[in-house]
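In what follows, a structure is listed as structure tokens, so that the remarks can point back to it.
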Amino acid sequence: MKQSKPFDNRYLRALIIPLLIETLLSVTIGMMDTIMVATDGEHAVSGVSLVDSVSNLFVFLFSAFSTGGAVIASQYLGKKDRKAACFSAKQLMYLSLSFSAVVSILLVIFRSAVMNLVYGHIEQAVMQSALDYFTPIVLSYPFLALLNSANALFRSMGKSKITMLVSIIMNLINVTGNAIFIYIFGMGAEGAGIASFISRLVACVFMLYRITRTKEEVHVDKPLKLEIDIAMIRRILRIALPSGIENSIFHVGKILVSSTVASLGTASIAANAVVNALSTFANIPGSAVGMAAVTIIGQCCGARNYDAAMYYGKKLLSLTYLMMGITSITMYVLTPELALLYNLSAEADVLAIEATRLNLVQIALFWPFAFTIPNYLRAAGDAKFTMVVSVFSMWTFRVLLSRILGLYLGMGLMGVMWGMFVDWYCRGLLFTVRFLKGKWKTKTVV
């Protein structure tokens, strides 16, 4: 019995509670950028929101590498092979740094072309704010990618308190920087971007120091000594590539949806920015449990203890529903007050409240099936299935159906959102069936 359930409730609390705090703090960085830049007007809020839509495409690509490395490290820890876990950590850092550096350089060079390609028809004031914010955000990518990788490795060890600490550091720096650059120097969206850059740089340096200490169970040994292992990189990419393709296509779809929203006018753009920010806040419990699942399910699968993986999967899903229910109900009641933080016009404010409340109901009922369970599958090595389902559902429903409902049937922002909800229903059903049938038990990668 003890072998079948290796993690007790005390361990789960010690892992998940810091992750909740960390996720809350990471979400507030983006929210504080949006809220504090609102003093510059709706064009600044809209510009930051549009950049976030593009930026998230690359941020989640970096996260895919982190997830791949964390899954491999967790499974090696489950097998009690610390040496291999440490070596996989070093390969993860190589991948994260090289990929993010290339992306950063290209986007700095072609930033105007990228924004004009995606949002060329928006108002000039919105576009200028977007470009001002975009440059420092893009320059921060290598630091963010290394930070994400180090954080993922510490979570694979169950040391989520450290990642929580770095989130606190990032938030303090970001808020202080926003206050200085936006309120004192009047730099608007550009100031918000610079503050985010500095916060990511400092946090990255701190976590690189921690992950290179040899006393850590998983650490990067001799970081300046180049050691490339193609076989280990392939193991990481077996998880990272499907996750990266899934995330990139998913966020390309989100960008197209944002483009659809942009064609509905500035009020809809601003309202959608509020919906996205508040929804991200409501999703915090699910995101935290999803990160914890990579450690728990990954270690269970590495030890070939699939009964425990199934047990903890169900337990974590129940916990997710409980926490997200509480969060969604609380935010539903407070939505009008929360919307006031964004300094919207009367039209945008009414639309934001209506859309946010509808979204909160759907989050409480369907989000965990659609987004928590696929983390179980990835942790087990079943990343290709999640990729196929996500790509199909995203493009069929969130992109095409949203455009049909929002534009051609005249439902506006609410039509776009219903396309997103149908996407959740589809992927949630398919992921749940996959998990219950147990095909993922054959996908262990180490």
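The values are calculated or read from the model by the stated rules, or taken from the named source; none is laboratory data. Source: prediction; values computed, not measured. Here Cβ is always computed from backbone atoms with ideal geometry, including for glycine, and neighbour counts include all displayed protein chains. Ligands, DNA and RNA are stripped out before the accessible areas are found, and what is left, the full protein with its side chains, is counted by its heavy atoms. Shrake-Rupley method; radii C 1.70, N 1.55, O 1.52, S 1.80 Å.
Numbers for the structure displayed
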item	result
Selection count where residues are farther than 21 Å from VAL261 by Cα and open to solvent by 30 Å² or more (accessible area, probe 1.4 Å), scope segment 29-53	3
Total residues in segment 153-204, condition over 18 Å from MET32 (Cβ atoms), in contact (Cβ under 8 Å) with a residue 12 or more places away in the chain and assigned to a helix (DSSP H, G or I)	9
Enumeration of residues in segment 331-359 that are among the acidic types (Asp, Glu) and out of contact with any helix residue (DSSP H, G or I) (no Cβ under 7 Å at 6 or more places or on another chain)	GLU337, GLU354
Residue among LEU319, LEU338, LEU351, LEU334 that is assigned to a helix (DSSP H, G or I) and touching a Ser or Thr at 6+ places or on another chain (Cβ under 7 Å)	LEU351
Residues of segment 113-129 classified as surrounded by 13 or more Cβ atoms within 10 Å (Cβ to Cβ) and either part of a helix (DSSP H, G or I) or among the acidic types (Asp, Glu) (or both), total	11
Residue count for segment 60-112, restricted to those that are among the hydroxyl-bearing types (Ser, Thr, Tyr), within 21 Å of LEU226 (Cα to Cα) and buried (at least 17 other Cβ atoms within 10 Å of the Cβ)	5
Test result for LEU57, open to solvent by less than 10 Å² (accessible area, probe 1.4 Å) and touching a Ser or Thr at 6+ places or on another chain (Cβ under 7 Å)	no
Residue in segment 394-421 that is farthest from LEU264 (Cα to Cα), counting only those that are open to solvent by 60 Å² or more (accessible area, probe 1.4 Å) and not in a loop (DSSP other than H, G, I, E, B)	TRP395
Residue tally, condition surrounded by 21 or more Cβ atoms within 10 Å (Cβ to Cβ) and under 15 Å from ALA348 (Cα atoms), over segment 247-271	7
Number of the exception - ALA339 against (1) open to solvent by less than 60 Å² (accessible area, probe 1.4 Å); (2) at pLDDT 90 or above; (3) under 23 Å from the mean Cα position of the chain (by Cα)	(2)
